[in-house]
Every structure is written in C-alpha cells, then in structure tokens.
Amino acid sequence: GLWDTLDVEVVADRKSWYCGRRSDCNERRQRMLDFFNPMRRMILEKDPNEGHRIIAELEDEFEVAVITQNGDDFHERAGSTNVIHLHGELMKVTSSLQPNNPKYIRTLDTDHLEVKIGDLAADGSQLRPFIVWFGEPVPQIEMAAEMSALADIYIIIGTSLNVYPAAGLTQFVPDECPIYLIDPKPVKWNSNHRFTHIMKGASEGMEELIQLLKSNNL
C-alpha cells in the first residue's frame, strides 16, 4: 500500500539513483536517501510481533526457511536463523557500483543510521541502501525458488500476492505440499495449487495454524 501514495520513481527507482551526468543527480539521490533514512530508526523503535516469534519457534520442531519481502530485521530479532531477504535489508548499506558484492555490504551502526551524499563504500562509490530498487533484478529469487521446491509445508503470511517475482514462488512448491495462506483479506490466488486460507492477521493466524498442524500430526 505504501506505493499507492508515493511516486516510486522519485524515491525508489533505479533510474533515479543511477542518473549519470544530470545536474540534479546528487539532489535526486539525497531525496532517495532521505526517504529510507528515517525507516531505520522506525525499525529499531519497533519489536517483532507474536507472529514473528511463532515463526522462529517453529525451528524447535521443523527445519525452517523464511522468505521475506520486508527489509526489516524483525525475523532475525525474533530468533529465526535462516532468512532470505528478497528485496534487501534496510539496516545495511552497500556500494553503488557493486551492490550485491558481499565485500561491500555492511550493517550500519545504530548510532549512525543516516546515509548522506559523500558517504562512500570501500570501493570509493557512493553508499546506497542495500535494498532492491524498482527496475533491478532480485538476486535472491533463485535461492528462494530452490527452497520453495524443497518444501514439505508452505506458509504464506500477510501478502496480496501481487508483487512479482515473489508472488510466482508458489509455482515451485511441490504438488503434494500443503499451502497455508494467512491474511485477513480475500487474496487473488495466483496458482492452481490447492491451499487453506486462514483469514486472520499474522499473529492470530499463526496461532491457529500451529494448532492445525498439531491436530494433523504434521
């Protein structure tokens, strides 16, 4: 819903960041940085919810892989140990020249969460948020597809299934694998795969799902 009220091209589009020799390039980049800078403080001021914690607790009985479209670190703070961030991580920054090179990705110090024009990565390029701009490929999508293809139980939580390529991951889930969709609203399902829709929020829905798994001895 965030993108329904914002001009994507202004705050999160690849074309605005890689603006070449435009006279206003630094101004455009700073506007993008100023959009993401406050989000880091907001993330730190919030805690994982009960849904995050229940997902983490599943690791007591299951081998769990979390695939998230969110850029926050709530899953990690809740205790999940295997998290794939499809769209990047807001608490990290990287090189503008080699954004997906692990050598240049680093986590910001909690005392210095703002990035400004002139802040440089180790390769001398401007630091940028370690997120996937609109118009960029999703580096982790292949890993997410591979994990989806290995699933014995597949749980989808709080998504409209409208954002691709993430929404297409259901196509990789094995036919015999049960899929549970947790979302309080009706969702336009994008797959022929049968699923169980629990129409509740993440926390309530996960609590109901845990009881369902127990009753089915899964």
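Tabulated values for the structure
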quantity: Members of segment 93-110 that are outside any loop (DSSP other than H, G, I, E, B) and either buried (at least 17 other Cβ atoms within 10 Å of the Cβ) or on the phi > 0 side of the Ramachandran plot (or both); calculated: Val93, Thr94, Ser95, Tyr104
quantity: Candidates Asp72, Asp47 - the one that is modelled with pLDDT of 95 or more and either under 21 Å from Glu114 (Cβ atoms) or among the small types (Gly, Ala, Ser) (or both); calculated: Asp72
quantity: Candidates Asp152, Asp123 - the one that is of a type outside the set (Phe, Trp, Tyr) and farther than 29 Å from Ile210 by Cβ; calculated: Asp123
quantity: Some residue of segment 126-133 being in contact with a Leu (Cβ under 8 Å, 6 or more places away or on another chain) and either assigned to a loop (DSSP other than H, G, I, E, B) or surrounded by fewer than 13 Cβ atoms within 10 Å (Cβ to Cβ) (or both); calculated: yes
quantity: Condition check for Ile43: within 16 Å of the chain's Cα centre (by Cα), among the hydrophobic types (A, V, I, L, M, F, W, C) and not in a strand (DSSP E or B); calculated: yes
quantity: Selected residue (only one of Leu90, Leu86 is within 27 Å of Tyr164 (Cβ to Cβ), in contact with a Lys or Arg (Cβ under 7 Å, 6 or more places away or on another chain) and surrounded by 15 or more Cβ atoms within 10 Å (Cβ to Cβ)); calculated: Leu90
quantity: Any chance Leu113 is open to solvent by less than 20 Å² (accessible area, probe 1.4 Å), more than 16 Å from the chain's Cα centre (by Cα) and not hydroxyl-bearing (Ser, Thr, Tyr); calculated: yes
quantity: Residue list for segment 146-163, restricted to those being of a type in the set (Phe, Trp, Tyr) and in a loop (DSSP other than H, G, I, E, B); calculated: none
quantity: In segment 134-145, residue surrounded by the fewest Cβ atoms within 10 Å (Cβ to Cβ) [restricted to those that are in a loop (DSSP other than H, G, I, E, B) and of a type outside the set (D, E, K, R)]; calculated: Pro137
quantity: Pairs with Cβ under 6 Å, 6+ apart, first in segment 123-144 and among the polar types (S, T, N, Q), second open to solvent by less than 70 Å² (accessible area, probe 1.4 Å); calculated: Ser125/Ser95; Ser125/Ser96; Gln126/Ser96; Gln140/Ile84; Gln140/Leu86
quantity: Subset tally (residues that are over 17 Å from Ser148 (Cα atoms) and either touching a Ser or Thr at 6+ places or on another chain (Cβ under 7 Å) or open to solvent by less than 20 Å² (accessible area, probe 1.4 Å) (or both)) for segment 31-57; calculated: 13
quantity: Subset of segment 58-80 [open to solvent by less than 50 Å² (accessible area, probe 1.4 Å) and more than 25 Å from Ser160 (Cβ to Cβ)]; calculated: Gly79
quantity: Every residue from segment 169-195 that is within 24 Å of Glu146 (Cβ to Cβ), in contact with a strand residue (DSSP E or B) (Cβ under 9 Å, 6 or more places away or on another chain) and open to solvent by 40 Å² or more (accessible area, probe 1.4 Å); calculated: Pro178, Trp189, Arg194, Phe195
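The values are calculated or read from the model by the stated rules, or taken from the named source; none is laboratory data. These numbers were taken from a predicted model, which means no experiment stands behind them. For neighbour counting, all protein chains shown are included, and Cβ atoms are generated from backbone atoms with ideal geometry for every residue, glycine included. Heavy atoms of the whole protein, side chains included, go into the accessibility calculation; ligands, DNA and RNA do not. Shrake-Rupley method; radii C 1.70, N 1.55, O 1.52, S 1.80 Å.
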